[in-house]
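Structure, as structure tokens:
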Amino acid sequence: MLNLPLPWKRGADDGDEEPPPSGGPRPVRRRGGRNRRVGVRSGDTVAIARTRRILESRRQRIAIVVGAVLLLAIAGVVAAGIYQEYIRPPRVMAGDIRGVRFTMGDLVERIRVLQGINRYQGGQVDLSRDPFDQLTKLLHAEILRQAAPGLQINVTDDDIEQTIRSIFRPQAETGQEVNDEQLDAEYENNYVGFLDQVNLSDSAYRRIVEEQLQESRLFQVMLASLPEEAPHVEAQAIVLGANSPADPVAVRERLQLGEDFASVSREISGSDGYIGWVPEGAITEFNRHLFGEDGEPPLLGPGDVSSSIFMQDNIVLLQAIGEPETREIEPAMQFQLAAAGVERWKDDQLSQGADDGWVKMNFRSSLYEWVTQQVRLTRPRVTPVPQQ
């Protein structure tokens, strides 16, 4: 018979494969296939576990870094918002006159103070509505301050003191016996109370008074420089207020169709509309209509009615009654001409300074919106000055 190694006999032939007898010593297995394969699998498991730990640690580090970056980004956005909203705007330049710099914060403070003074004196004007206009006035004041010596304008400390006293020192009535010490005490009480209500220092208020006196002196300079005679045009005008229901186009058509000017004016404004003789330059908005500009003839001849002329909150329809005539300037018109001269001087100086580079202004509307908000948030609560 063939002696073939049958499967059920293999274990019997291989002695080293026999299981050890119970309770005896365990035989040493030879190095071979199965044991080698088990060794490989154990090494892979350790490597895989190590790799997983490394990847998990890496993911944790990445998560920490990403979280930190996100937190920094959020903090940066918040910080940028705080900077843009609260820190930067007050420091941004609003205007500059030959190196004298005004910031948006300065503008807020000036408007707040002027509004407090206005309300203390019984006014109700909201000066925060047009912060750019207030900046222009602030720059005008600085331009005049620098130009004052050349214009022979000199405002002394005594001038300022006397002006403040005239505002806050009570005036004794005729026949009333009041000693100066009592009046001085009331003056000090009124003045200090005013500064407290407006939250203003004495030096800052004196600077404002100085600016007002300088402009008053400029008015006197303009008044003294007027000629005795000037071209005049006799004129009349219908003034339509901001709340007037009348349509200026329809009113002008009525006048052009021949309706009586005085009657139409009474119907709309309550007055006959007669102005009188207007000298050239007295009313800036009327110049081109009555006298012409830049070598051009006047827009209005005798009897002509202008289209709408916008003046502050009003609309004016102007009619020239006659031709220009050279006449002596009346006292009332002298004051009008001097006031117009002051405004023209300030505007000319501002324009020339911008052209020459010694005047700088910031025109960003978003900053002026910020100024308006700040003034409304911080405006002082004041009690009007009692009537003396």
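Quick notes
- With a Förster radius of 22 Å applied to the beta-carbon distance between D159 and S225, the computed FRET efficiency rounds to 0.50.
- Point-to-point label distance, L72-E325, nm (Cα→Cβ direction, 7 Å offset): 8.4 nm
- In terms of other Cβ atoms within 10 Å, S216, S166 run from fewest to most in the order S166, S216.
- Cα-based shape type of the range 93-183, given that a ≥ b ≥ c are square roots of the gyration tensor eigenvalues and the cut on a/c is 1.5: oblate
- Placing dummy labels 7 Å off each Cα toward the beta-carbon, the span from Q182 to L257 is 6.9 nm.
- Computed FRET value (nearest 0.05) for N189 with S216, which takes r as the C-beta separation and R₀ as 30 Å: 0.65
- Which of R206, R169, R101 has the fewest Cβ neighbours within 10 Å, and the rest in rising order: R101, R206, R169
- Of the GluC sites (Glu not before Pro) in the range 267-301, those whose Cβ has at most 16 other Cβ within 10 Å and which sit in DSSP loop: E293
- Tensor-based shape of the range 231-328 (alpha-carbon gyration tensor, a/c under 1.5 rounded, otherwise prolate or oblate): prolate
- Put a plus charge on the Cβ of each Lys and Arg, a minus charge on the Cβ of each Asp and Glu, and nothing anywhere else: the dipole of the range 231-328 about its Cα centre is then about 220 debye.
- Compared with the alpha-carbon gap, the fully stretched path from S307 to E293 is longer by 3.3 nm at 0.36 nm per residue.
- Cα-based shape type of the range 279-388, given that a ≥ b ≥ c are square roots of the gyration tensor eigenvalues and the cut on a/c is 1.5: prolate
- For the range 119-201, with +1 on Lys and Arg beta carbons and -1 on Asp and Glu, the positive-most of G122, S166, L135 along the dipole: L135
- Centroid-to-centroid separation of the range 182-206 and the range 157-177 [C-alpha atoms, Å]: 13 Å
- Sorted by Cβ neighbour density within 10 Å, fewest at the top, the residues T174, T103, T284: T174, T284, T103
- D (Stokes-Einstein, µm²/s), Kirkwood Cα radius, the range 186-246, 0.692 mPa s at 37 °C: 198 µm²/s
- Compared with the direct C-alpha span, the chain from A172 to S351 gains 59.7 nm at full extension, assuming 0.36 nm per residue.
Each value in this text was obtained by applying a stated rule to the coordinates, not by laboratory testing. Quick caveat: nothing in here was measured; it's all calculated off a predicted structure. No Cβ is skipped: glycine too gets one built from the backbone with ideal geometry, and neighbour counts run over all protein chains shown.
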